[in-house]
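S.K.: Got a structure for you, questions after.
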Amino acid sequence: MQVILTEDVPKLGEMGEIVSVSPGYGRNYLIPQGLAIPATSGNKAQVRHQLGDIERRKGLEREAARGTFEKLDGQSITVPKRAGEEDKLYGSVTNREIAEILTQQGFEVDRKMVVLEQPLNQLGIWQVPIKLASGIYAKVKVWIVAM
């Protein structure tokens, strides 16, 4: 099944792209969530017509992201956690916790913007990327310390 993405979807594509997905994924998730529309000939023509608007919208998002990037890149946050032997944490530090701490510091960061490839489950210093816009990532230093 081919769909036209109306938003950036991680590991799938960017807004305005036509991608092939499994029918169930398209019908049951992408289309109901408003992340995509079916790639019919009418919708393709409509998207080609709206391509200028899409590019303008991406440009505005990137401009706003550059301003946030200047402030956010290189910031340091501290996350106190209970730890056991060999600096292993009881639980792990999630993208939600990182987003909450950054929000408390005055940055508008949603948990979906925090890119963690794996949960942070040891004490130490970690570089965590924050996706601000398509192709714009700020690096935040996360210090996980024992309580």
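Rule-based calculations on the coordinates, nothing more; no lab input. Since we're looking at a predicted model, the values are computed, not measured. Reconstructed Cβ throughout: ideal geometry from the backbone, glycine too, with neighbour counts over all protein chains shown.
S.K.: Looking at residue 91, is it more than 29 Å from residue 15 (Cα to Cα) and in contact (Cβ under 8 Å) with a residue 24 or more places away in the chain?
M.R.: Answer is yes for this residue.
S.K.: As an exercise: evaluate residue 93 against (1) closer than 20 Å to residue 131 by Cβ; (2) β-branched (Val, Ile, Thr); (3) over 15 Å from the mean Cα position of the chain (by Cα); (4) surrounded by fewer than 18 Cβ atoms within 10 Å (Cβ to Cβ) and give the number of the one condition it does not meet.
M.R.: Condition not satisfied by residue 93: (4).
S.K.: Being free of Cβ contacts under 8 Å to residues at least 60 places away in the same chain and part of a loop (DSSP other than H, G, I, E, B) is the filter; apply it to the range 114-134 and report the residue that is nearest to residue 85 (Cα to Cα).
M.R.: It comes out as 123.
S.K.: If you check 14, 100, which single one turns out to be among the charged types (D, E, K, R), touching a residue at least 60 places away in the same chain (Cβ under 8 Å) and in contact with a helix residue (DSSP H, G or I) (Cβ under 9 Å, 6 or more places away or on another chain)?
M.R.: That would be 14, the only listed residue that is among the charged types (D, E, K, R), touching a residue at least 60 places away in the same chain (Cβ under 8 Å) and in contact with a helix residue (DSSP H, G or I) (Cβ under 9 Å, 6 or more places away or on another chain).
S.K.: On the basis of being in contact (Cβ under 8 Å) with a residue 24 or more places away in the chain, more than 22 Å from the chain's Cα centre (by Cα) and over 30 Å from residue 144 (Cα atoms), does residue 1 make the cut?
M.R.: Against the criterion (in contact (Cβ under 8 Å) with a residue 24 or more places away in the chain, more than 22 Å from the chain's Cα centre (by Cα) and over 30 Å from residue 144 (Cα atoms)), residue 1 qualifies.
S.K.: Here's a follow-up. What residue, among those in the range 41-74 that are in contact with a strand residue (DSSP E or B) (Cβ under 9 Å, 6 or more places away or on another chain) and β-branched (Val, Ile, Thr), is surrounded by the fewest Cβ atoms within 10 Å (Cβ to Cβ)?
M.R.: 68
S.K.: Name the residues in the range 124-147 that are surrounded by 18 or more Cβ atoms within 10 Å (Cβ to Cβ) and farther than 16 Å from residue 68 by Cα, would you?
M.R.: Answer for the range 124-147, where residues must be surrounded by 18 or more Cβ atoms within 10 Å (Cβ to Cβ) and farther than 16 Å from residue 68 by Cα: 142, 144.
S.K.: Taking the stated definitions as given, is residue 77 in a helix (DSSP H, G or I) and surrounded by 11 or more Cβ atoms within 10 Å (Cβ to Cβ)?
M.R.: Considered against the rule, which asks whether it is in a helix (DSSP H, G or I) and surrounded by 11 or more Cβ atoms within 10 Å (Cβ to Cβ), residue 77 comes out as no.
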